[in-house]
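Student: Here's a structure for you.
The values are calculated or read from the model by the stated rules, or taken from the named source; none is laboratory data. Model, not experiment: these values are computed from the prediction. For neighbour counting, all protein chains shown are included, and Cβ atoms are generated from backbone atoms with ideal geometry for every residue, glycine included. The accessibility values were calculated without ligands, DNA or RNA, using every heavy atom of the protein model including side chains. Shrake-Rupley method; radii C 1.70, N 1.55, O 1.52, S 1.80 Å.
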Amino acid sequence: MIDECVAMAPGYTHTTGMPCGAPSAASAWVSPVSPNLLAQYADAPAAPLGRPTPDIVLTAANTEQVIGHVAAGPADIGFTEGPRRPAGPRSKVIGQDRLVEVVAPGHRWARRRAVSAAELAGAPLVSREGGSGTRDTLSAALAAQVPALSMSTTAAVRTAVLAAAAPAVISELAVAEDLAAGRLIEIAAPELDLRQVLRTIWDSNPQPPAGAARDLISHIP
């Protein structure tokens, strides 16, 4: 599982980077399509000037940083998650996710079915850092800043909650296997709307950049 990421693939006639950024949940959608894009380029008939197999690199960043990479130019496309559409870049919805409240089986909340919004707002949580879509979604749902041990990656949040350090609010996509295996337990938070939207973003042009960037987006299911 990769967190907010920047993916790079070359152009058609020379090896140049095509950065794309995405957050933890969004990367669950992005990563599987990368082999499809590579296969497409590998199997395509060679263009007269040659068409290299693209280099796809996923670089971790949070949603705020991804938007900055796209706006400043290092990234041609990005993938974000959060409660609202980013201001500035063009975007396309590519999926839905929700945040879940999870604890390790040994945590004191493990036998509870639900927690209230007030309890969650007052609890020390393990969370992504400010600027991440996950943190923004949680703060918007609680209408308050969250007291949290901030982690820069979803993988770090997952590791901390598995160690029973504290409850965490995390992408359901990121912990689906842990929930199914019983390594983590979901505690309902029925008062909160923790849905978030996964988007691909690019610059102000109507369509994503032509070439590998557009091809990558087309392979997202």
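Student: Any chance region 144-157 includes a residue that's of a type in the set (Val, Ile, Thr), modelled with pLDDT of 85 or more, farther than 29 Å from Thr200 by Cα and open to solvent by less than 10 Å² (accessible area, probe 1.4 Å)?
Tutor: no
Student: Follow-up question, since we're still on this one. Where residues in region 75-101 are in contact with a helix residue (DSSP H, G or I) (Cβ under 6 Å, 6 or more places away or on another chain) and among the acidic types (Asp, Glu), which of them is surrounded by the fewest Cβ atoms within 10 Å (Cβ to Cβ)?
Tutor: Asp97
Student: Looking at (1) among the small types (Gly, Ala, Ser); (2) open to solvent by 50 Å² or more (accessible area, probe 1.4 Å); (3) more than 24 Å from Ile67 (Cβ to Cβ), which is the one condition that is false for Ala104?
Tutor: Only one criterion in (1) among the small types (Gly, Ala, Ser); (2) open to solvent by 50 Å² or more (accessible area, probe 1.4 Å); (3) more than 24 Å from Ile67 (Cβ to Cβ) is unmet by Ala104, namely (2).
Student: Now a separate question. Does Ala213 qualify as being over 23 Å from Thr80 (Cβ atoms), modelled with pLDDT under 90 and out of contact with any His (no Cβ under 6 Å at 6 or more places or on another chain)?
Tutor: no
Student: If you don't mind, there's one more thing I want to ask. Counting residues that are over 19 Å from Ser116 (Cβ atoms) and out of contact with any Leu (no Cβ under 6 Å at 6 or more places or on another chain), which strands (runs of 3 or more DSSP E) fully inside region 130-221 reach at least 3?
Tutor: 148-151, 195-202
Student: Could you please tell me which pairs satisfy a Cβ distance under 8 Å, a separation of 6+ or placement on different chains, a first residue in region 187-211 that is farther than 30 Å from Val161 by Cα and open to solvent by 30 Å² or more (accessible area, probe 1.4 Å), and a second residue that is of a type in the set (Val, Ile, Thr) and assigned to a strand (DSSP E or B)?
Tutor: Pairs found: Pro209/Ile77.
Student: Of the numbered conditions (1) assigned to a loop (DSSP other than H, G, I, E, B); (2) open to solvent by 60 Å² or more (accessible area, probe 1.4 Å); (3) within 18 Å of Pro190 (Cα to Cα), Glu119 satisfies every one except a single condition; which is it?
Tutor: (1)
Student: Please verify whether Leu142 is in contact with a helix residue (DSSP H, G or I) (Cβ under 9 Å, 6 or more places away or on another chain) and over 18 Å from Gly82 (Cβ atoms), treating the condition exactly as stated.
Tutor: So Leu142 does not fit the description; no.
Student: Quick check on region 107-116: of everything there that is in contact (Cβ under 8 Å) with a residue 40 or more places away in the chain and of a type outside the set (S, T, N, Q), which residue is most open to solvent (accessible area, probe 1.4 Å)?
Tutor: Residue satisfying both the conditions and the ranking: Arg113.
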